[in-house]
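J.: Supplied in C-alpha cells, the structure appears directly below.
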Amino acid sequence: MVGVPMYYQRKRFLFYSVLAGLFTILLLFVFFGLDSSGYRLWGSSSIPAMIPHQVNAQIIESPSQAPVEVYNSALDKPAPILEIKPDLPLLEEPKLPTASTVTLDTYVPAPVLAAIPSAASEIKGAVQSTAKPTPLPSKISIPVLNYHSVTIDPGNVVVISPAKLEEQLTYLHDHGYTPVSLATFISLIEGKSDEAAPKKPVLLTFDDGYIDNYEQAMPLLAKYAFQATLFISPDMNDQEGYLNWEQIKKLQEAGWDIQPHGMTHPHLPQLSSDQQAYEILEARKQIEEKLGTKADVYCYPYGEYNKTTLKLLKDHGFRYAFTIDQGFATNQQSPYLLKRLFINGEEGLKSFIRKLSTYD
C-alpha cells in the first residue's frame, strides 16, 4: 500500500507536464501568428519592421523620422492599416532680410548709372529716357597741309623753298592725291558731297598772305591744276612782303579760296572780347566786300584761342576754324578745332610722305 501514493504522484506529474507542453505550444502559435501578420512585438527582434506596401496608400513621412523601408509581402489576410502620424514640425522664427551694405554705387560710378536702364530704374524717382542715343557718324579724315611763305630762307622752318614745294606737289600728283577747294572739303567732311569723292582728297592751306604765295606758289599749283585756301590779315595787305588786294583777286581767279586770319594777326587770348570781335569780324567784312564771297571759315593767328574766341565764332555764324594742332581734320572734331599738318620747310620729302601716312 505504500506504493499507491507514489503511483498517484507520478500520474499527477505526467498530467501537469502534458498540460504545460500544450500551453507552451499554444503560446508559440500565438507568437508566430502575430509576428507573421505584420505586428512586431516590442523587443522581440532587431530586424526592421515589415510594413505591407499598398499601391493606393499614401505614406506620410516626417522629416524627423528615419527612412522607412517598404517591402512587398504576400499575406494570407489583409493586414490592418497602420496610421503613421508625422511629427509636428518645429516652429521657426521667420528670417528677415538683412540690409545690404553694398550698393550699385559701390561698383558703378554715378555718371554711368543713367546709361544702365536696369540700374536707373532702381533709383527712386529716376526717369528713364526712351530716346535712342545718336550713333557717331563714320569717321571721315582729310589731311590739311599748313604752308606759310614760299621762298629761300635757310633755317626758317615756316619757309619752304619753291623747289621743295614743287617736289611735294609732284608727289601728290603722282600718287593720286586730289587737292580740293574749301567748299569741296566742307562737303566731304560733312558727308554731303553730291559728286563722287576723290580717293585721296587733301586741302592745301597757306597762312598770313605773303607776296611769294602769288609769285611762287600760284604758278606751281596752276601747273597741276591744284586748288588752295589762303588765310589773310587785311590790315597787313600792301605792307612789304605781303599781298595787296589786286594780287589777292588774281589768286581767287586762279581757284584759291580767301578766308580771314584776323585783321592784324593778333594774339587773340591777350585781347578783350570787344577787341577779339573786331579782329574776327572786320577781317571777314573786308574780304566779303572786296571779293564778293562768303568768308565764314577762320584760322587762328599763331594757333591761339580761348573760350571767348570760340563763343564769338559760334555766335557770329562761322562754320569752321583751323588750328595748328597736328593731325588729320575729321568730322569727329569740333568744327572750330580742326587739325592740320604743319609743313616744315627744313624737312625732306620722306618726312612729308610720313606725315601723310602717319596721322589719321
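J.: Specify which of the listed residues (Thr178, Thr184) is open to solvent by 40 Å² or more (accessible area, probe 1.4 Å) and either touching a Ser or Thr at 6+ places or on another chain (Cβ under 8 Å) or not in a loop (DSSP other than H, G, I, E, B) (or both).
T.: Residue meeting the stated conditions: Thr178.
J.: What pairs can you find where one residue is in the range 145-160 and in a strand (DSSP E or B), the other is among the polar types (S, T, N, Q) and open to solvent by 50 Å² or more (accessible area, probe 1.4 Å), and their Cβ atoms are less than 7 Å apart, with a gap of 6+ or different chains?
T.: From the range 145-160, the pairs are Val150/Gln216; Val159/Thr151.
J.: Going by what's in this entry, would Ala225 be described as among the aliphatic types (A, V, I, L, M) and open to solvent by 60 Å² or more (accessible area, probe 1.4 Å)?
T.: yes
J.: Which of the residues belonging to the range 128-179 are acidic (Asp, Glu) and either more than 24 Å from Lys200 (Cα to Cα) or modelled with pLDDT under 95 (or both)?
T.: Within the range 128-179, Asp153 is the sole residue that qualifies.
J.: Further, regarding this structure: Would the range 194-211 turn up any residue that is at pLDDT 95 or above, part of a helix (DSSP H, G or I), open to solvent by 20 Å² or more (accessible area, probe 1.4 Å) and not hydrophobic (A, V, I, L, M, F, W, C)?
T.: For the range 194-211, residues at pLDDT 95 or above, part of a helix (DSSP H, G or I), open to solvent by 20 Å² or more (accessible area, probe 1.4 Å) and not hydrophobic (A, V, I, L, M, F, W, C): absent.
J.: I'm trying to understand the selection: among the residues of the range 250-292, which are farther than 13 Å from Gly209 by Cα, in contact with a strand residue (DSSP E or B) (Cβ under 7 Å, 6 or more places away or on another chain) and open to solvent by 30 Å² or more (accessible area, probe 1.4 Å)?
T.: Arg284
J.: Suppose the filter is at pLDDT below 95 and either over 33 Å from the mean Cα position of the chain (by Cα) or part of a loop (DSSP other than H, G, I, E, B) (or both); does Asp360 pass it?
T.: Here the answer is yes, as Asp360 does meet what is asked.
J.: Moving on. Limited to the range 321-340, what total is found for residues that are open to solvent by less than 10 Å² (accessible area, probe 1.4 Å) and of a type in the set (Lys, Arg)?
T.: 1
J.: Lys223: within 30 Å of Trp245 (Cβ to Cβ), part of a helix (DSSP H, G or I), free of Cβ contacts under 8 Å to residues at least 60 places away in the same chain and among the charged types (D, E, K, R), yes or no?
T.: When the stated conditions are applied, Lys223 passes them.
J.: May I pose another question? For the range 230-249, indicate whether the set of residues that are surrounded by fewer than 14 Cβ atoms within 10 Å (Cβ to Cβ), among the small types (Gly, Ala, Ser), more than 14 Å from Ile142 (Cβ to Cβ) and out of contact with any Ser or Thr (no Cβ under 9 Å at 6 or more places or on another chain) is non-empty.
T.: No.
J.: Restricting attention to strands (runs of 3 or more DSSP E) lying wholly within the range 267-349, give those where 3 or more residues are touching a residue at least 60 places away in the same chain (Cβ under 8 Å) and farther than 28 Å from Thr170 by Cα.
T.: Output list is empty.
The values are calculated or read from the model by the stated rules, or taken from the named source; none is laboratory data. None of these values were measured; they are calculated from a predicted model. Because the Cβ atoms are built from the backbone with ideal geometry, glycine has one as well, and the counts that use them run over all protein chains shown. The protein model used for the area step is the full one, side chains on, heavy atoms only, and it has no ligands, DNA or RNA in it. Shrake-Rupley method; radii C 1.70, N 1.55, O 1.52, S 1.80 Å.
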